[in-house]
Amino acid sequence: SNNRHMTSSWCPTLSTLLLLILKSTNASMTMITTIAENTWRSKAAAHSDRIYKLLRPGLVSTDSDRTCTETNSSNNYPDRWRPIDRSNPVYNFLEEYYGVKGAKGVRRLARWSAPLPRTKRNCEDTTRTTGVLLLGANEDDICGGMLHMRGAELMTSDSKGGVKYAPRKFYTNKPKDEAALASAFVWYRNILATTLQNEPVTHCHGLHEWAMLYRPNGAPKPPSGKYQAHLALRVDQDTINAAVERRGVSCTHVDALRFFADAALPLNVEQLEREDQVRVEQPGCVHANMDLLKIATRLSPWIDASLIGDALEVALDARRLDIAASPYDVSAHGLEPVCIETKDGRKEYRRIQADIMRKADPVRRNILDAYDTFLDVTFRRDVLESAQMLLPQSNAATSNVVKERLTVN
(Lines give C-alpha, C1' and ligand atoms only; values in the text may rest on other atoms or scores of the structure.)
Protein backbone atom coordinates (compact mmCIF):
# COMPACT_ATOMS: atom_id res chain seq x y z
CA SER A 1 0.00 0.00 0.00
CA ASN A 2 1.15 3.57 -0.73
CA ASN A 3 -0.90 4.91 2.16
CA ARG A 4 1.00 5.96 5.23
CA HIS A 5 -0.17 6.29 8.81
CA MET A 6 1.37 8.69 11.27
CA THR A 7 4.64 7.48 12.78
CA SER A 8 7.23 9.10 14.99
CA SER A 9 9.65 9.31 12.06
CA TRP A 10 7.82 12.26 10.54
CA CYS A 11 6.45 13.87 13.69
CA PRO A 12 9.04 13.15 16.39
CA THR A 13 8.02 15.87 18.82
CA LEU A 14 4.55 14.38 19.14
CA SER A 15 5.47 10.71 18.93
CA THR A 16 3.87 9.77 22.24
CA LEU A 17 0.53 11.15 21.08
CA LEU A 18 0.33 9.55 17.68
CA LEU A 19 -2.30 6.89 17.14
CA LEU A 20 -1.37 4.21 14.66
CA ILE A 21 -3.80 2.46 12.35
CA LEU A 22 -2.96 -0.97 11.00
CA LYS A 23 -2.89 -1.68 7.29
CA SER A 24 -6.38 -2.49 6.06
CA THR A 25 -7.71 -4.89 3.47
CA ASN A 26 -9.39 -3.61 0.33
CA ALA A 27 -12.91 -2.34 1.02
CA SER A 28 -15.78 -3.65 -1.03
CA MET A 29 -17.75 -0.42 -0.55
CA THR A 30 -16.73 3.06 0.47
CA MET A 31 -18.53 6.27 1.31
CA ILE A 32 -15.76 8.83 1.54
CA THR A 33 -16.55 12.53 1.38
CA THR A 34 -13.72 14.23 -0.52
CA ILE A 35 -13.12 17.89 0.33
CA ALA A 36 -11.07 20.15 -1.92
CA GLU A 37 -7.96 21.65 -0.39
CA ASN A 38 -8.97 25.29 -0.73
CA THR A 39 -12.35 24.50 0.85
CA TRP A 40 -11.16 22.75 3.97
CA ARG A 41 -8.21 25.08 4.49
CA SER A 42 -10.54 28.07 4.43
CA LYS A 43 -12.89 26.41 6.91
CA ALA A 44 -9.99 25.38 9.15
CA ALA A 45 -8.63 28.93 9.27
CA ALA A 46 -12.07 30.33 10.09
CA HIS A 47 -12.52 27.78 12.89
CA SER A 48 -9.15 28.62 14.37
CA ASP A 49 -9.95 32.33 14.32
CA ARG A 50 -13.30 31.71 15.96
CA ILE A 51 -11.82 29.66 18.79
CA TYR A 52 -9.09 32.22 19.37
CA LYS A 53 -11.59 35.07 19.52
CA LEU A 54 -13.70 33.18 22.08
CA LEU A 55 -10.73 32.22 24.25
CA ARG A 56 -8.47 35.24 23.95
CA PRO A 57 -9.83 37.08 27.04
CA GLY A 58 -9.09 34.00 29.15
CA LEU A 59 -5.55 33.23 27.97
CA VAL A 60 -2.51 34.18 30.00
CA SER A 61 -0.94 37.43 28.89
CA THR A 62 2.23 37.38 26.85
CA ASP A 63 4.17 38.97 29.68
CA SER A 64 3.13 36.31 32.21
CA ASP A 65 3.66 33.42 29.81
CA ARG A 66 7.40 33.22 30.35
CA THR A 67 7.39 29.52 31.21
CA CYS A 68 5.60 28.36 28.08
CA THR A 69 8.19 26.84 25.74
CA GLU A 70 5.76 25.44 23.19
CA THR A 71 6.04 26.78 19.66
CA ASN A 72 3.95 26.26 16.60
CA SER A 73 5.83 24.92 13.60
CA SER A 74 3.12 25.77 11.06
CA ASN A 75 3.46 29.02 9.10
CA ASN A 76 -0.33 29.09 8.86
CA TYR A 77 -0.63 29.53 12.63
CA PRO A 78 1.10 32.41 14.38
CA ASP A 79 2.19 31.50 17.89
CA ARG A 80 -0.92 32.90 19.54
CA TRP A 81 -1.96 29.82 21.53
CA ARG A 82 -1.28 30.27 25.22
CA PRO A 83 -2.54 28.45 28.33
CA ILE A 84 -5.76 29.32 30.12
CA ASP A 85 -5.32 31.91 32.87
CA ARG A 86 -6.07 29.88 35.99
CA SER A 87 -6.97 33.04 37.93
CA ASN A 88 -9.76 33.98 35.51
CA PRO A 89 -12.98 32.57 37.02
CA VAL A 90 -14.83 32.68 33.70
CA TYR A 91 -12.28 30.56 31.83
CA ASN A 92 -10.46 28.46 34.42
CA PHE A 93 -13.18 25.79 34.30
CA LEU A 94 -11.79 24.73 30.92
CA GLU A 95 -8.67 23.43 32.63
CA GLU A 96 -10.18 22.40 35.98
CA TYR A 97 -13.21 20.55 34.56
CA TYR A 98 -12.31 19.60 31.01
CA GLY A 99 -8.55 19.16 30.96
CA VAL A 100 -7.75 21.96 28.51
CA LYS A 101 -4.18 22.18 29.81
CA GLY A 102 -1.40 24.35 28.51
CA ALA A 103 -1.11 25.83 25.06
CA LYS A 104 -1.50 22.35 23.56
CA GLY A 105 -4.91 21.93 25.16
CA VAL A 106 -6.09 25.30 23.88
CA ARG A 107 -4.69 24.62 20.42
CA ARG A 108 -6.47 21.26 20.35
CA LEU A 109 -9.83 23.05 20.42
CA ALA A 110 -8.75 24.93 17.29
CA ARG A 111 -7.93 21.80 15.25
CA TRP A 112 -10.39 21.41 12.42
CA SER A 113 -12.49 18.40 11.46
CA ALA A 114 -15.24 17.74 8.94
CA PRO A 115 -18.58 16.04 9.63
CA LEU A 116 -18.90 12.39 8.70
CA PRO A 117 -21.11 11.73 5.67
CA ARG A 118 -24.73 11.05 6.53
CA THR A 119 -25.77 7.55 5.58
CA LYS A 120 -28.07 4.75 6.56
CA ARG A 121 -26.70 2.26 9.06
CA ASN A 122 -23.99 0.40 7.19
CA CYS A 123 -21.76 -0.92 9.96
CA GLU A 124 -23.25 -4.41 9.62
CA ASP A 125 -21.13 -4.63 6.47
CA THR A 126 -17.69 -4.90 8.05
CA THR A 127 -15.96 -4.21 4.74
CA ARG A 128 -17.59 -0.85 4.13
CA THR A 129 -15.61 2.31 4.88
CA THR A 130 -17.17 5.67 5.71
CA GLY A 131 -15.11 8.76 6.30
CA VAL A 132 -13.64 12.02 5.04
CA LEU A 133 -10.67 12.67 2.75
CA LEU A 134 -9.01 16.09 2.92
CA LEU A 135 -7.22 16.57 -0.38
CA GLY A 136 -3.77 18.11 -0.18
CA ALA A 137 -3.49 17.71 3.59
CA ASN A 138 -0.13 16.57 4.87
CA GLU A 139 1.82 15.73 7.99
CA ASP A 140 2.71 19.39 8.62
CA ASP A 141 -1.00 20.20 8.93
CA ILE A 142 -1.26 17.63 11.72
CA CYS A 143 1.97 18.40 13.56
CA GLY A 144 1.36 22.12 13.10
CA GLY A 145 -2.01 22.06 14.84
CA MET A 146 -4.42 22.52 11.95
CA LEU A 147 -5.78 18.95 11.84
CA HIS A 148 -6.25 16.20 14.40
CA MET A 149 -3.63 13.51 14.98
CA ARG A 150 -6.19 11.02 16.26
CA GLY A 151 -7.40 8.75 13.48
CA ALA A 152 -5.43 10.50 10.74
CA GLU A 153 -4.30 8.35 7.81
CA LEU A 154 -1.84 9.88 5.38
CA MET A 155 -2.73 9.05 1.77
CA THR A 156 -0.05 9.11 -0.91
CA SER A 157 -1.66 7.02 -3.67
CA ASP A 158 -3.71 9.91 -5.05
CA SER A 159 -2.20 12.48 -7.37
CA LYS A 160 -2.53 15.20 -4.71
CA GLY A 161 -2.50 13.00 -1.64
CA GLY A 162 -4.34 13.96 1.51
CA VAL A 163 -5.38 12.84 4.97
CA LYS A 164 -8.28 10.46 5.54
CA TYR A 165 -10.37 10.02 8.68
CA ALA A 166 -12.37 6.76 8.73
CA PRO A 167 -13.68 5.85 12.20
CA ARG A 168 -14.62 2.23 11.62
CA LYS A 169 -11.17 1.43 10.30
CA PHE A 170 -9.63 3.23 13.27
CA TYR A 171 -11.63 1.45 15.97
CA THR A 172 -11.74 -2.05 14.53
CA ASN A 173 -7.93 -2.11 14.51
CA LYS A 174 -7.78 -1.39 18.24
CA PRO A 175 -6.74 -4.25 20.56
CA LYS A 176 -9.42 -3.27 23.09
CA ASP A 177 -12.85 -4.90 22.98
CA GLU A 178 -15.13 -3.01 20.59
CA ALA A 179 -18.02 -2.88 23.04
CA ALA A 180 -15.76 -1.30 25.65
CA LEU A 181 -14.60 1.26 23.10
CA ALA A 182 -18.17 2.06 22.09
CA SER A 183 -19.54 2.30 25.63
CA ALA A 184 -18.20 5.80 26.36
CA PHE A 185 -19.76 7.14 23.17
CA VAL A 186 -23.07 5.41 23.93
CA TRP A 187 -23.01 6.91 27.44
CA TYR A 188 -22.66 10.47 26.16
CA ARG A 189 -25.19 9.84 23.42
CA ASN A 190 -27.70 8.71 26.05
CA ILE A 191 -27.04 11.76 28.21
CA LEU A 192 -27.72 14.07 25.26
CA ALA A 193 -30.99 12.29 24.48
CA THR A 194 -32.16 12.25 28.09
CA THR A 195 -31.39 15.94 28.56
CA LEU A 196 -33.53 16.81 25.56
CA GLN A 197 -36.43 14.73 26.91
CA ASN A 198 -36.40 15.93 30.52
CA GLU A 199 -38.20 19.01 31.77
CA PRO A 200 -35.89 21.85 32.79
CA VAL A 201 -35.46 22.67 36.46
CA THR A 202 -35.77 26.44 36.71
CA HIS A 203 -35.66 26.92 40.47
CA CYS A 204 -32.09 25.82 41.29
CA HIS A 205 -30.81 29.41 40.96
CA GLY A 206 -27.19 28.26 40.78
CA LEU A 207 -27.05 27.31 44.43
CA HIS A 208 -24.39 24.66 43.80
CA GLU A 209 -21.70 27.35 44.11
CA TRP A 210 -23.19 28.38 47.45
CA ALA A 211 -23.46 24.78 48.62
CA MET A 212 -19.73 24.38 48.02
CA LEU A 213 -19.13 27.12 50.63
CA TYR A 214 -21.91 26.19 53.06
CA ARG A 215 -20.63 26.16 56.63
CA PRO A 216 -23.10 26.12 59.51
CA ASN A 217 -21.89 26.64 63.06
CA GLY A 218 -19.48 23.91 64.10
CA ALA A 219 -18.90 22.57 60.58
CA PRO A 220 -15.36 22.28 59.22
CA LYS A 221 -14.11 24.60 56.52
CA PRO A 222 -15.46 23.35 53.16
CA PRO A 223 -12.60 21.88 51.09
CA SER A 224 -14.11 23.10 47.80
CA GLY A 225 -13.50 26.70 48.84
CA LYS A 226 -9.94 26.28 47.55
CA TYR A 227 -11.00 26.32 43.89
CA GLN A 228 -11.71 30.06 43.81
CA ALA A 229 -9.72 30.99 46.90
CA HIS A 230 -8.09 33.89 45.03
CA LEU A 231 -11.49 35.61 44.77
CA ALA A 232 -13.05 37.74 47.49
CA LEU A 233 -16.61 36.99 48.60
CA ARG A 234 -19.30 39.57 47.92
CA VAL A 235 -21.48 38.25 50.79
CA ASP A 236 -20.73 37.01 54.29
CA GLN A 237 -20.99 33.43 55.60
CA ASP A 238 -24.38 34.03 57.22
CA THR A 239 -25.83 35.08 53.85
CA ILE A 240 -24.37 31.98 52.17
CA ASN A 241 -25.86 29.73 54.84
CA ALA A 242 -29.26 31.42 54.68
CA ALA A 243 -29.42 31.09 50.87
CA VAL A 244 -28.72 27.35 51.04
CA GLU A 245 -31.10 26.74 53.93
CA ARG A 246 -33.92 28.87 52.55
CA ARG A 247 -35.57 26.14 50.48
CA GLY A 248 -32.84 23.57 50.15
CA VAL A 249 -30.99 22.81 46.92
CA SER A 250 -32.31 21.29 43.67
CA CYS A 251 -29.09 20.28 41.98
CA THR A 252 -29.31 17.57 39.32
CA HIS A 253 -25.68 17.61 38.20
CA VAL A 254 -23.76 14.63 39.54
CA ASP A 255 -20.35 16.26 39.15
CA ALA A 256 -21.43 19.47 40.89
CA LEU A 257 -22.69 17.46 43.86
CA ARG A 258 -19.26 15.93 44.31
CA PHE A 259 -17.97 19.36 45.36
CA PHE A 260 -20.71 20.22 47.85
CA ALA A 261 -19.65 20.85 51.43
CA ASP A 262 -20.50 17.76 53.48
CA ALA A 263 -23.07 19.71 55.48
CA ALA A 264 -24.88 20.78 52.30
CA LEU A 265 -25.37 17.31 50.79
CA PRO A 266 -28.43 16.39 52.93
CA LEU A 267 -30.10 19.62 51.81
CA ASN A 268 -30.19 18.56 48.16
CA VAL A 269 -33.45 17.18 46.80
CA GLU A 270 -31.84 13.78 46.13
CA GLN A 271 -28.51 12.10 46.65
CA LEU A 272 -27.21 11.16 43.21
CA GLU A 273 -24.63 8.69 41.96
CA ARG A 274 -22.93 8.45 38.56
CA GLU A 275 -25.50 5.96 37.27
CA ASP A 276 -28.24 8.55 37.91
CA GLN A 277 -26.75 11.04 35.46
CA VAL A 278 -28.35 9.56 32.38
CA ARG A 279 -31.71 9.75 34.17
CA VAL A 280 -31.64 13.23 35.71
CA GLU A 281 -29.65 15.48 33.39
CA GLN A 282 -31.88 18.35 32.32
CA PRO A 283 -31.56 21.35 29.96
CA GLY A 284 -31.89 24.05 32.62
CA CYS A 285 -28.64 23.06 34.33
CA VAL A 286 -25.78 25.46 33.59
CA HIS A 287 -23.24 22.68 34.13
CA ALA A 288 -25.07 20.36 31.74
CA ASN A 289 -24.85 23.12 29.14
CA MET A 290 -21.17 23.66 29.90
CA ASP A 291 -20.67 19.90 29.46
CA LEU A 292 -21.72 20.19 25.82
CA LEU A 293 -18.13 21.22 25.15
CA LYS A 294 -16.76 18.10 26.83
CA ILE A 295 -19.20 15.85 25.00
CA ALA A 296 -18.50 17.45 21.62
CA THR A 297 -14.72 17.28 21.98
CA ARG A 298 -14.91 13.59 22.95
CA LEU A 299 -16.14 12.95 19.41
CA SER A 300 -13.25 14.72 17.67
CA PRO A 301 -12.20 14.27 14.91
CA TRP A 302 -15.46 12.62 13.88
CA ILE A 303 -17.54 15.78 14.35
CA ASP A 304 -18.01 19.03 12.47
CA ALA A 305 -15.58 21.50 14.06
CA SER A 306 -18.26 24.19 13.95
CA LEU A 307 -20.06 22.26 16.69
CA ILE A 308 -16.96 22.57 18.87
CA GLY A 309 -17.20 26.33 18.42
CA ASP A 310 -20.95 26.32 19.10
CA ALA A 311 -20.49 24.25 22.25
CA LEU A 312 -17.70 26.54 23.47
CA GLU A 313 -19.95 29.58 23.03
CA VAL A 314 -22.72 27.94 25.05
CA ALA A 315 -20.26 26.78 27.72
CA LEU A 316 -18.85 30.27 28.18
CA ASP A 317 -22.33 31.82 28.39
CA ALA A 318 -23.32 29.24 30.99
CA ARG A 319 -20.12 29.79 32.95
CA ARG A 320 -20.67 33.55 33.06
CA LEU A 321 -24.05 32.98 34.67
CA ASP A 322 -22.59 30.30 36.92
CA ILE A 323 -19.93 32.59 38.35
CA ALA A 324 -22.01 35.81 38.31
CA ALA A 325 -24.63 34.08 40.47
CA SER A 326 -22.02 32.78 42.88
CA PRO A 327 -21.06 34.30 46.26
CA TYR A 328 -17.80 35.57 44.75
CA ASP A 329 -16.98 39.12 43.72
CA VAL A 330 -16.15 38.86 40.01
CA SER A 331 -16.64 42.50 39.12
CA ALA A 332 -12.94 42.76 38.22
CA HIS A 333 -13.65 40.33 35.38
CA GLY A 334 -16.41 42.43 33.87
CA LEU A 335 -19.38 40.61 35.40
CA GLU A 336 -22.19 42.21 37.34
CA PRO A 337 -23.47 40.00 40.17
CA VAL A 338 -26.72 38.08 39.80
CA CYS A 339 -27.80 38.29 43.42
CA ILE A 340 -29.77 35.08 43.80
CA GLU A 341 -30.04 35.69 47.53
CA THR A 342 -32.75 38.23 46.61
CA LYS A 343 -36.09 37.84 44.86
CA ASP A 344 -35.09 40.14 41.99
CA GLY A 345 -31.80 38.28 41.59
CA ARG A 346 -33.56 34.93 41.31
CA LYS A 347 -35.84 36.38 38.66
CA GLU A 348 -32.82 37.66 36.72
CA TYR A 349 -31.15 34.25 37.02
CA ARG A 350 -34.19 32.52 35.48
CA ARG A 351 -34.28 35.04 32.62
CA ILE A 352 -30.63 34.42 31.69
CA GLN A 353 -31.05 30.68 32.26
CA ALA A 354 -33.91 30.60 29.73
CA ASP A 355 -31.77 32.43 27.16
CA ILE A 356 -28.97 29.89 27.57
CA MET A 357 -31.41 26.97 27.27
CA ARG A 358 -32.72 28.37 23.97
CA LYS A 359 -29.19 28.77 22.64
CA ALA A 360 -28.08 25.33 23.83
CA ASP A 361 -31.04 23.36 22.45
CA PRO A 362 -30.06 23.28 18.75
CA VAL A 363 -26.42 22.72 19.66
CA ARG A 364 -27.33 19.72 21.81
CA ARG A 365 -29.52 18.30 19.02
CA ASN A 366 -26.77 18.71 16.44
CA ILE A 367 -24.20 17.04 18.68
CA LEU A 368 -26.63 14.18 19.29
CA ASP A 369 -27.05 13.82 15.53
CA ALA A 370 -23.26 13.70 15.14
CA TYR A 371 -23.05 10.94 17.78
CA ASP A 372 -25.78 8.94 16.04
CA THR A 373 -24.01 9.24 12.69
CA PHE A 374 -20.69 8.20 14.23
CA LEU A 375 -22.17 5.18 16.02
CA ASP A 376 -24.07 4.11 12.91
CA VAL A 377 -21.01 4.04 10.69
CA THR A 378 -18.50 2.76 13.23
CA PHE A 379 -19.95 -0.09 15.30
CA ARG A 380 -22.18 -3.06 14.51
CA ARG A 381 -25.57 -3.27 16.18
CA ASP A 382 -24.56 -6.18 18.41
CA VAL A 383 -21.53 -4.20 19.58
CA LEU A 384 -23.73 -1.24 20.52
CA GLU A 385 -26.11 -3.54 22.40
CA SER A 386 -23.18 -4.99 24.33
CA ALA A 387 -21.86 -1.49 25.00
CA GLN A 388 -25.19 -0.47 26.50
CA MET A 389 -25.01 -3.41 28.89
CA LEU A 390 -21.62 -2.21 30.14
CA LEU A 391 -23.00 1.13 31.28
CA PRO A 392 -24.03 1.83 34.87
CA GLN A 393 -27.77 1.35 35.26
CA SER A 394 -30.00 3.54 37.41
CA ASN A 395 -32.54 1.82 39.64
CA ALA A 396 -34.90 4.79 39.63
CA ALA A 397 -38.33 4.36 38.14
CA THR A 398 -38.75 7.83 36.70
CA SER A 399 -36.60 10.13 34.62
CA ASN A 400 -37.84 13.27 36.32
CA VAL A 401 -36.11 13.08 39.66
CA VAL A 402 -36.57 16.66 40.75
CA LYS A 403 -40.20 17.54 41.38
CA GLU A 404 -41.61 21.01 41.65
CA ARG A 405 -41.34 21.09 45.40
CA LEU A 406 -40.08 24.68 45.45
CA THR A 407 -42.19 27.69 44.67
CA VAL A 408 -40.58 30.12 42.29
CA ASN A 409 -40.16 33.51 43.93
**Study point:** Filter result for the condition that a residue is in contact with an Asp or Glu (Cβ under 9 Å, 6 or more places away or on another chain) and at pLDDT 95 or above, over I295, I340, I308
**Key:** I340
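Return yes when I240 is of a type in the set (V, I, T), in contact with a strand residue (DSSP E or B) (Cβ under 9 Å, 6 or more places away or on another chain) and open to solvent by less than 40 Å² (accessible area, probe 1.4 Å) and no when it is not.
Values: of a type in the set (V, I, T): yes; in contact with a strand residue (DSSP E or B) (Cβ under 9 Å, 6 or more places away or on another chain): yes; open to solvent by less than 40 Å² (accessible area, probe 1.4 Å): yes.
Answer is yes for this residue.
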**Study point:** Selection status of A211, in contact (Cβ under 8 Å) with a residue 40 or more places away in the chain, open to solvent by less than 50 Å² (accessible area, probe 1.4 Å) and more than 24 Å from D322 (Cβ to Cβ)
**Key:** no
Check your understanding: In segment 255-266, which residues are surrounded by fewer than 19 Cβ atoms within 10 Å (Cβ to Cβ) and either touching a Gly at 6+ places or on another chain (Cβ under 8 Å) or not in a loop (DSSP other than H, G, I, E, B) (or both)?
Key -> D255, L265, P266
**Study point:** Hits in segment 295-315 (condition: in a helix (DSSP H, G or I) and over 18 Å from Y52 (Cα atoms))
**Key:** I295, R298
**Study point:** Within segment 136-145, tally of residues that are open to solvent by 10 Å² or more (accessible area, probe 1.4 Å) and part of a loop (DSSP other than H, G, I, E, B)
**Key:** 2
Review point. Restricting segment 102-120 to residues that are open to solvent by 40 Å² or more (accessible area, probe 1.4 Å) and at pLDDT 95 or above, which is nearest to the chain's Cα centre (by Cα)?
Key: R108
Practice item. Would you check if there is a residue in segment 214-227 being at pLDDT 95 or above and surrounded by 23 or more Cβ atoms within 10 Å (Cβ to Cβ)? Key: yes
Exercise for review: Working only within segment 274-288, note down all residues that are modelled with pLDDT of 95 or more and either part of a loop (DSSP other than H, G, I, E, B) or over 13 Å from T194 (Cβ atoms) (or both).
Suggested key: E281, Q282, P283, G284, C285, V286, H287
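The values are calculated or read from the model by the stated rules, or taken from the named source; none is laboratory data. Everything quoted here is computed from the prediction, not taken from an experiment. Ideal geometry is used to build each Cβ from the backbone, glycine not excepted, and the neighbour counts take in all protein chains shown. For accessibility, only protein heavy atoms count, side chains too; no ligands or nucleic acids. Shrake-Rupley method; radii C 1.70, N 1.55, O 1.52, S 1.80 Å.
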